[in-house]
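Undergrad: Take this structure first; my questions come after.
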C-alpha cells in the first residue's frame, strides 16, 4: 500500500468505506475482519463506527466503551480521549447505540467530529469507516470521499437490489466511479461470482461505473458462534473459512496503490463530506 506523504512527515491513511444497501448482510463483520487482516499484514488500523445511532462495532470487538461520539459533541471529551484499543491492536472510535440525535447532526457538529478525526487518523495506515446500512444521508456522506468503497451484499435478490441502489446513488449523486463488491453468505464460489457479474454488468450499462469482484465469503457456522461468544476478532477467527475469505479480500483491497491529488492533505476526506450535505438522497432501484 502506498500512502501520500504530507508536509511535516504527516501521512494520509488509506480510507476504506464499508457500506451495504440493507442491514443484516454482514457489513460490520466485514469491517472488523478487514481490520484483522490489515493488522496481520502489519498495518496500523483505526475503525470509525459511523453507523451513528445504531453502532455495534464495539460489541463485535468485545469492548465496553466508556465514551462515544456523543461525549465529543457535548464537549465532555476530546475525540482522542474516546479512542479505545481492541483485540489484535485494532483501534476504534466508538459511536453511540440507541441515541437518535446522532442521526441528525448539524453541519457544525459534523465539522467538529471531522476536524478531530483528521488529527487522530494521521497515526494510522488504514482508516476503516463502518457506515450504516441503506442510502441515508450519513451513509452517502461517509462513503463518497473514501479511497475505496466496499459494498457488501448477499446472494438474496432484495440484498442485491439494495446494493445496486447504493451504487446508483453514489454514482449519480456524487460521481463515484469505482466500487468493490463483496458477496457474503455464499453457498459456492460460483454463486458469489455470478452475483458480482450481474451487478457489475448492470452498473456498467446504466451507470458507466466499474464494480470489481472483491471476493466471496462462504456461509460459515463458526462466524455466528464467534459473534455470540464475543470473539469475532481473535486469532482463532482468522483460521475459519470465512476468516480466510475476508483476509484474501483485504489483501486484494489493499494491494493496489491509491492515487491521490498532490495537493491533497489529511483533512481532504473529512472536508469533502460537508460540501453538499443538504442534498437529498433519492431511492434508486431501477435497472437491476
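Undergrad: Conditions: (1) at pLDDT 85 or above; (2) closer than 20 Å to residue 121 by Cβ. Residue 11 meets all but one. Number of the miss?
TA: Looking at each condition in turn, residue 11 falls short on (1).
Undergrad: Looking at this structure, is residue 117 touching a residue at least 40 places away in the same chain (Cβ under 8 Å) and under 30 Å from residue 188 (Cβ atoms)?
TA: When the stated conditions are applied, residue 117 does not pass them.
Undergrad: Given the residues 130, 115, 121, which is the only one that is farther than 21 Å from residue 54 by Cβ, touching a strand residue (DSSP E or B) at 6+ places or on another chain (Cβ under 7 Å) and at pLDDT below 95?
TA: Of the residues listed, the single one that is farther than 21 Å from residue 54 by Cβ, touching a strand residue (DSSP E or B) at 6+ places or on another chain (Cβ under 7 Å) and at pLDDT below 95 is 121.
Undergrad: OK, next. Across the stretch 133-183, what is the total count of residues that are out of contact with any strand residue (DSSP E or B) (no Cβ under 7 Å at 6 or more places or on another chain) and in a loop (DSSP other than H, G, I, E, B)?
TA: 6
Undergrad: Search the stretch 70-85 for residues being touching a residue at least 24 places away in the same chain (Cβ under 8 Å) and assigned to a loop (DSSP other than H, G, I, E, B), and hand back the single one that is surrounded by the fewest Cβ atoms within 10 Å (Cβ to Cβ).
TA: 78
The values are calculated or read from the model by the stated rules, or taken from the named source; none is laboratory data. If you're wondering where the values come from, they're calculated on a predicted model, not measured in any experiment. All Cβ positions, even for glycine, are placed from backbone atoms using ideal geometry, and neighbour counts span all protein chains on display.
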